[in-house]
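The values are calculated or read from the model by the stated rules, or taken from the named source; none is laboratory data. Source: prediction; values computed, not measured. Every residue, glycine among them, receives a Cβ derived from its backbone with ideal geometry; neighbour counts consider all protein chains shown. With ligands, DNA and RNA removed, areas are computed over all heavy atoms of the protein, side chains included. Shrake-Rupley method; radii C 1.70, N 1.55, O 1.52, S 1.80 Å.
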Amino acid sequence: MKQGFLPVPDPIAFSVFGLEIRWYAICVTLAILVAVGLLYIRAPKHGLNSETVLDMFVWAAPAGIIGARAYYVIFEWAQYKDNPIQIFNIRAGGLAIHGGFIAAMLACYLVTKHKHEDFIEWCDLMAPCWPLGQAIGRWGNYFNSEAHGCATTLPWAIY
């Protein structure tokens with residue numbers, strides 16, 4: 001195989017007791033933690049409660065993962081209709097950021113309503129955190145050798 005600008009990575013970072021830990025999972029986890037950390041630090045500077053960030057994290061992280069999987073499964077239903085138990089096999093891949101974003105934002109909305117806080121103010125605070133988290137998480141696609149774009153012969157190609 002030709003070597004591109006960046007090497008073809010191994011998607012497996014390491015194994016623990018036979019369980020493979022993938023770079024994709026590390027990147028997505030790091031993205032979530034960086035975004036939450038940034039929100040936690042910025043919240044008091046904007047007159048918002050940092051503890052709400054932790055409440056959002058507790059609800060939005062699992063909601064985002066479930067939403068990302070549900071969105072993927074809905075649009076790839078042909079792959080799951082004959083074997084629906086595979087819907088729960090998240091280790092086989094299949095997450096969609098659109099569904100994750102929708103579900104996480106819904107969870108954040110519900111947390112702010114429960115705490116009687118202004119959801120729009122929180123959205124303003126979250127606005128720079130989402131693209132930063134997305135940028136970090138997208139490196140997981142590189143490690144999975146997916147989502148590179150169209151074919152090219154340029155010297156900085158990724159194979």
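Please count how many residues of region 16-34 are in a helix (DSSP H, G or I) and either open to solvent by 60 Å² or more (accessible area, probe 1.4 Å) or of a type in the set (Phe, Trp, Tyr) (or both).
Within region 16-34, the first condition is being in a helix (DSSP H, G or I), and the residues that meet it are 23-34.
Narrowing further to those that are either open to solvent by 60 Å² or more (accessible area, probe 1.4 Å) or of a type in the set (Phe, Trp, Tyr) (or both): 23-24, 29-30, 33.
The total comes to 5.
Residues are listed down the side, and each one gets a yes or a no for (1) among the small types (Gly, Ala, Ser); (2) closer than 30 Å to Trp156 by Cβ:
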position: Pro7; (1), (2): no, yes
position: Thr29; (1), (2): no, yes
position: Lys45; (1), (2): no, no
position: Thr52; (1), (2): no, no
position: Lys81; (1), (2): no, no
position: Gly93; (1), (2): yes, yes
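Taking region 133-159 only, how many residues are modelled with pLDDT of 85 or more and more than 15 Å from Asp10 (Cβ to Cβ)?
Matching residues across region 133-159 total 6.
All but one of (1) touching a Gly at 6+ places or on another chain (Cβ under 9 Å); (2) touching a residue at least 60 places away in the same chain (Cβ under 8 Å); (3) of a type in the set (Gly, Ala, Ser) hold for Ala63; state the number of the condition that does not hold.
(2)
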